[in-house]
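One structure below.
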Amino acid sequence: MADVKINFMHPTDGHLLTLTIDKTKTVQEAVADLFANGFVKPNSKGYNLAIKGGRELQENESFEDANVKDNDTIRVIPPTDAGGGYMISTLGYLPYENNMNFYIFLVGSNWIGNNAEIILRNFENIARQIGPDASIVRGLEEPFWSNEIIKKYFGDGNLQLYSCLPALLITDSHPDNLNEDNLRLFIPISDINKNFQDFEGFFNQLIRFVRFHDTTFLDKFIDKTNILDNLLDIIDLNPNFWGIGINLNNFIKKFIKTNINKKFKIFKKKFTILSENEN
C-alpha cells in the first residue's frame, strides 16, 4: 500500500489540512475522511476535489490514477448544482454553466477589519442562500486575482479602483462571455454601511436581487451610472463615491421587459449574519 501526503484547502477560508492517504482511495472516500476530521461539514450533495492549478477530479477517481504527488494541494469545492461558492486561483478555472445568471466576486487581498471579515465569515452562508443561478467567487492568488478581475471587467487604465479594495463585483456575465452590455457593479466594502442600514440589510437585498431579480437593490446605485457609459471610459472616483455601476439602467429595463407579466416570490427567509462564535 502506497501513501501520499496531501494538503487539502478549505473551500471558504483557504486554510490547509494535511493528511496522509492511501493512493488507491477515491475522491469520494477522501471526502469522507475530511468529514471525519471535521474539516468540512457533511451535506447531502458532498464536495468536489480539484488539484490546485489543475483539473477537477472525478468522484470515483483514485489519487493514484489522478497522478497526485506528495505535498500536492487539493482544493475542496462546494457542490455547484445549487449555486454556491468557489475559491479559485484564476478566472480560467471558473466553470461555465448555462443557468448561471449572476457572479459575485470578492476582489482584494486585505480582508481584515469588521466589514471585510463579515464577508469572509459569511461566505458559505451567502453561497447557500443565493440560489441555483448565482455563485460567489473568491480568489486564492493575490494580487494576481484582483488585477485579473479589474482588467477583465473594467479594462486597462483604471488604477483608481485599487484604492477601493476590498470590494465586491456583481455581474451577470461569466468572464468568457463578457460584452459591453453586461452589468458590472463594483461595491467597496468600506462603503456598504453608508447606503444600507446594516450588513444584514445589504445581504438580504443582494440575495433578493440575484435570486428573485428584485431590482430594488440597484436603486442604491442608479444615480451614479452617468459616470460610466462603457468599458472604455476612465473611472473617476471621489472620496464619497458609492459604488461604480455599468449598464444599471439598461439592466433594469431588460428585467422589467422580460418579467413584466411574472410575479416574483417574496424572499421571506432573512439572511442572518454569523458571529465569530458561530463560524
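The values are calculated or read from the model by the stated rules, or taken from the named source; none is laboratory data. This structure is a prediction, so every number in the text was calculated from the model and none was measured. Positions of Cβ are generated from backbone atoms using ideal geometry, with glycine treated the same way; all protein chains shown enter the neighbour counts.
State the number of residues belonging to segment 41-58 that are of a type outside the set (A, V, I, L, M, F, W, C) and either under 18 Å from LEU19 (Cβ atoms) or not assigned by TED's automatic domain parsing to the domain that holds THR20 (or both). Lay out the reasoning, then the answer.
Taking segment 41-58 as the starting set, the residues that turn out to be of a type outside the set (A, V, I, L, M, F, W, C) are 41-48, 52-56, 58.
This time we only want the ones that are either under 18 Å from LEU19 (Cβ atoms) or not assigned by TED's automatic domain parsing to the domain that holds THR20 (or both), so: 41-42, 46-48, 52.
Going through segment 41-58 one residue at a time, the tally reaches 6.
Give the residues of segment 117-148 that are in contact with a Leu (Cβ under 6 Å, 6 or more places away or on another chain), surrounded by fewer than 20 Cβ atoms within 10 Å (Cβ to Cβ) and at pLDDT 85 or above, sorted by residue number.
GLU148
Do we find a residue being more than 19 Å from PHE102 (Cα to Cα), assigned by TED's automatic domain parsing to the domain that holds VAL107 and in contact with a Ser or Thr (Cβ under 6 Å, 6 or more places away or on another chain) anywhere in segment 158-171?
No, segment 158-171 contains no residue that is more than 19 Å from PHE102 (Cα to Cα), assigned by TED's automatic domain parsing to the domain that holds VAL107 and in contact with a Ser or Thr (Cβ under 6 Å, 6 or more places away or on another chain).
Take ASN71 and tell me if it is outside the structural domain of LEU165 (by TED's automatic domain parsing) and modelled with pLDDT of 85 or more. I'd like the intermediate steps shown before the answer.
Numbers: outside the structural domain of LEU165 (by TED's automatic domain parsing): yes; modelled with pLDDT of 85 or more: yes.
Yes: the conditions hold for ASN71.
Of everything in segment 2-18 that's free of Cβ contacts under 8 Å to residues at least 40 places away in the same chain and either acidic (Asp, Glu) or in contact with a strand residue (DSSP E or B) (Cβ under 6 Å, 6 or more places away or on another chain) (or both), which residue is farthest from ILE126 (Cα to Cα)?
Our first condition is that a residue be free of Cβ contacts under 8 Å to residues at least 40 places away in the same chain; within segment 2-18, this holds for 3, 15, 17-18.
If we keep only those that are either acidic (Asp, Glu) or in contact with a strand residue (DSSP E or B) (Cβ under 6 Å, 6 or more places away or on another chain) (or both) too, we end up with 3, 17-18.
Numbers: ASP3: 37, LEU17: 24, THR18: 27 Å.
The residue in question is ASP3.
Looking at (1) touching a strand residue (DSSP E or B) at 6+ places or on another chain (Cβ under 6 Å); (2) closer than 27 Å to LYS41 by Cβ, which is the one condition that is false for GLU117?
Going through the list (1) touching a strand residue (DSSP E or B) at 6+ places or on another chain (Cβ under 6 Å); (2) closer than 27 Å to LYS41 by Cβ, GLU117 breaks only (1).
Residue-wise test of (1) among the acidic types (Asp, Glu); (2) part of a loop (DSSP other than H, G, I, E, B); (3) modelled with pLDDT under 85.
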residue	(1), (2), (3)
GLY84	no, no, yes
MET87	no, no, yes
GLY92	no, no, yes
ASN98	no, yes, yes
TYR103	no, no, no
ILE112	no, yes, yes
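How many of the residues in segment 149-162 are modelled with pLDDT under 90, over 21 Å from LEU120 (Cβ atoms) and part of a helix (DSSP H, G or I)?
Final tally of qualifying residues: 3.
Considering only segment 149-160, how many residues are closer than 16 Å to LEU106 by Cβ and either basic (Lys, Arg) or surrounded by fewer than 19 Cβ atoms within 10 Å (Cβ to Cβ) (or both)?
Residues meeting the conditions: 1.
Would you confirm, using the coordinates I've provided, whether SER44 is at pLDDT below 80 and over 17 Å from the mean Cα position of the chain (by Cα)? Show your work before the answer.
Working: at pLDDT below 80: yes; over 17 Å from the mean Cα position of the chain (by Cα): yes.
Criteria met by SER44.
Consider segment 175-208. How many of its residues are aromatic (Phe, Trp, Tyr), assigned to a helix (DSSP H, G or I) and in contact (Cβ under 8 Å) with a residue 12 or more places away in the chain?
2
Among the numbered conditions (1) modelled with pLDDT of 85 or more; (2) assigned to a helix (DSSP H, G or I), tell me where LYS257 comes up short.
Single failed check for LYS257: (1).
I need the full set of residues from segment 161-189 which are exposed (fewer than 15 other Cβ atoms within 10 Å of the Cβ) and farther than 24 Å from SER89 by Cβ, in order please. Before you say what the answer is, go through the steps one by one.
Just the residues of segment 161-189 that are exposed (fewer than 15 other Cβ atoms within 10 Å of the Cβ), to begin with: 162-163, 176-177, 179-181.
SER163, ASN179, GLU180, ASP181 - these are the residues of segment 161-189 that are exposed (fewer than 15 other Cβ atoms within 10 Å of the Cβ) and farther than 24 Å from SER89 by Cβ.
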